[in-house]
1. In the neighborhood of residue 209, defined by Cβ-to-Cβ distances under 9 Å, what is the net charge if each Lys or Arg adds +1 and each Asp or Glu adds -1?
2. Relative to the present Cα-Cα distance, how much length would full extension add between residue 84 and residue 166 at 0.36 nm per residue of separation?
3. Roughly how compact is the chain, stated as its Cα Rg over 2.2 N^0.38 Å to two decimals?
4. So, with +1 on the Cβ of K and R and -1 on the Cβ of D and E, and no other charges, what is the size of the charge dipole of the chain about its Cα centre, to the nearest 20 debye?
5. What value, in deg cm²/dmol to 500, does the helix sum -39500 (n - 2.57) over DSSP H runs of n ≥ 4 give at 222 nm once divided by the residues of the chain?
6. Helix 7-16 sits at what angle to the longest principal axis of the chain, using alpha carbons and giving 0 to 90 degrees rounded to 10?
7. Work out which GluC sites (Glu not before Pro) in the chain are exposed loop sites (DSSP not H, G, I, E or B, at most 12 other Cβ within 10 Å) and give the longest gap free of them.
8. What does the charge dipole of segment 224-350 about its Cα centre add up to, to the nearest 20 debye, if the Cβ of each Lys and Arg holds +1 and the Cβ of each Asp and Glu holds -1?
Amino acid sequence: GGAGNNWASGYRQGEEKEEELMEMIYREADGSDSLEGFVLLHSIAGGTGSGLGSYLLERLNDRFPKKLIQTYSVFPSQNDTSDTVVQPYNSLLALKRLTMHADGVVVLDNAALNRIAVERLHLENPTFAQVNSLVSTVMAASTITLRYPGYMNNDLVGLMASLVPTPLCHFLMTGYTPLTLLEGERAGVSQVRKTSVLDVMSRLLQPANLMVSCPIRRGCYISILNIIQGDVDPTQVHKSLQRIRERRLATFIPWGPASIQVALSRRSPYLQSSNRVSGLMLANHTSIHTLFERVISQYEKLRRRNAFLDNYRREPAFSENLDEFDNSKEVLQDVIDEYRAAEKENYVQWSMGSEVSDLEADRANGALDHRVRKTTPSSSDD
């Protein structure tokens, strides 16, 4: 009967159905030739997508510790008005699990998806099916190098390794051009006429084509992977990259390599398209932290008044206390701090600060022990 927009209810139901769920997952895993990892599709605003999704993430990470876990997570609209009043609670609790148990999270923002449907596809009142077609387009394009393998990016691990530099910074944004509908009279027809490699790669960097509502004019890119589909000459790609570099269309981190990675792929023969070239951008950008800051801000507004907590207290996860909320907020704040620090030149020193101090302490203790051993008489001297 669903989780009633309650993360704790969805999580509890996951515990109750664990045996059935894991039996299905084991059956599929055993039937695969070479299991690379898992892909989870869910929303983080409601009860089932956030609660049951969180439980599945924990179990998958526990049962398959060496397998990669990637998610396509739909974030709620960040407006003050929402169909689900407790979405800040659910989002915060789910984001803790996405931070701790996922290797890569492709963030899809409801507000941005609807904006693209209205402004780019010229749909006055986009339906769920039409908005979902945008998500399926991104998913199909991001996995096309796995289904039509080339000389690089032909496995999930390789795909994620090129985009995620540190464990906490694994939240990715996407852009796609030219966008088309998958069904109906306008299926495969795009409003964009000019689709050279340079045009496609330039448009991918435009905020209007991003499926996340983040101010990318601020902050910088940590990494970018463009997956270009169609009949493309590699020399065109090199020329396009040079033009983008000359025009400074993308600002990169000051402490790492500043380059756009490009993977070329064949187009699916099962989809009709009027465009010669299409492209998907998977990017790791520091401005994604503004999305998390809005989640924390909305959470604090509710938590200050202890609003709508009764249904959570009825569930086992919150029957004794509400510490899980505070812990989840701390985890998400760590992600925000990490992305903010990644914008600065001293990020490497910042990230290694605690490790270095611990190492120095160990060395100091080791040196002290060494001096003690030298000055302590041995039993043979007696």
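1. Every neighbour counted, the sum reads +2.
2. Result: 26.2 nm gained on full extension.
3. 1.13
4. For this selection, approximately 1800 debye.
5. Theoretical 222 nm ellipticity from helices: -14500 deg cm²/dmol.
6. In the chain, helix 7-16 runs at an angle near 80 degrees to the longest axis.
7. Answer from the scan: 186-319.
8. 820 debye
The values are calculated or read from the model by the stated rules, or taken from the named source; none is laboratory data. Quick caveat: nothing in here was measured; it's all calculated off a predicted structure. With ideal geometry, Cβ positions are generated from the backbone for all residues, glycine too; neighbour counts draw on all protein chains shown. Heavy atoms of the whole protein, side chains included, go into the accessibility calculation; ligands, DNA and RNA do not. Shrake-Rupley method; radii C 1.70, N 1.55, O 1.52, S 1.80 Å.
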